Amino acid sequence: MARRTATKGPTARLRRARRWNGRGRGRAPAGQRRARRDSPPRIRDGREPKSVESEITALFEAPGWKENVQVAGVTARWRDVVGDAIADHCSEVLFDAGIVRVRASSTAWATQLGTMSGHIRQLLNEAIGTSVVSEVQIVGPTGRTWVKGPWTVRGRGPRDTYG
C-alpha cells in the first residue's frame, strides 16, 4: 500500500521549502544524492599548523640562538656564577661574538678585575657548558659628559660657561 503524504498544511510546506532551498545553490534536491567527484590529492606545502613546542624547539636550534639563550641564563644568574665579592663591584653589560664586556664600579676594581679576567672567563664557560666566551673586557666607570649630540666644538668644554 502506497504511503500518502499531505499536500497541504505546515508539514507539506516545510518539505517543499527544503526541496527548493537547495536547488539554487548547486545542491541536489532533498531525497536525491549528487554523485561526488573524486577530489584531487591534498598537496602538503608546509602550511599546516604545527605545535608551539616544536616551533620553539626549532627556533632554539637555529644557528646562534642556543648560545644566546645560554648566555642570557648566565647573565640572569650573574651573582651565583661569579660570586658575591665580584658581583658587588661589577655587572655584565654586553655579550657579542664571544666577548663579554663587564663594567666595574671604580677604576681600582677595573684594574683588579682585569687581572682576574681569565678566571671570570673560566667561570662563565663552566656555567654555560661550552667555551662560548673567548674574551672578557673590563670597562671602568664613565665620567659625566656634557655632549648632547653628534656635533662638538673645540675649546675648554663646560668650564667656558662658569666664569
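With the condition kept exactly as written, say whether any residue in the range 77-90 is assigned to a helix (DSSP H, G or I), under 16 Å from Q137 (Cβ atoms), in contact (Cβ under 8 Å) with a residue 24 or more places away in the chain and not polar (S, T, N, Q). Scanning the range 77-90 turns up at least one residue that is assigned to a helix (DSSP H, G or I), under 16 Å from Q137 (Cβ atoms), in contact (Cβ under 8 Å) with a residue 24 or more places away in the chain and not polar (S, T, N, Q). Scan the range 95-120 for residues that are closer than 20 Å to Q70 by Cβ and among the hydrophobic types (A, V, I, L, M, F, W, C) and the total you get is 6. Can you confirm whether the range 36-49 contains a residue that is modelled with pLDDT of 75 or more and either touching a Phe, Trp or Tyr at 6+ places or on another chain (Cβ under 6 Å) or among the acidic types (D, E) (or both)? The answer is yes, given that some residue of the range 36-49 is modelled with pLDDT of 75 or more and either touching a Phe, Trp or Tyr at 6+ places or on another chain (Cβ under 6 Å) or among the acidic types (D, E) (or both). Here E55 fits the description: of a type in the set (D, E) and more than 25 Å from I138 (Cβ to Cβ).
Only one of G118, G155 is in a loop (DSSP other than H, G, I, E, B) and exposed (fewer than 14 other Cβ atoms within 10 Å of the Cβ); which? Give the derivation first.
On the way: G118 fails: in a loop (DSSP other than H, G, I, E, B).
Exactly one residue qualifies, and that residue is G155.
Restricting the first member to the range 51-76 and to residues that are closer than 23 Å to V133 by Cα, and the second to residues that are of a type in the set (D, E) and surrounded by 12 or more Cβ atoms within 10 Å (Cβ to Cβ), the beta-carbon pairs closer than 6 Å and six or more apart or on different chains are T75/E92.
The values are calculated or read from the model by the stated rules, or taken from the named source; none is laboratory data. These numbers were taken from a predicted model, which means no experiment stands behind them. All Cβ positions, glycine included, derive from the backbone under ideal geometry; neighbour counts span all protein chains shown.
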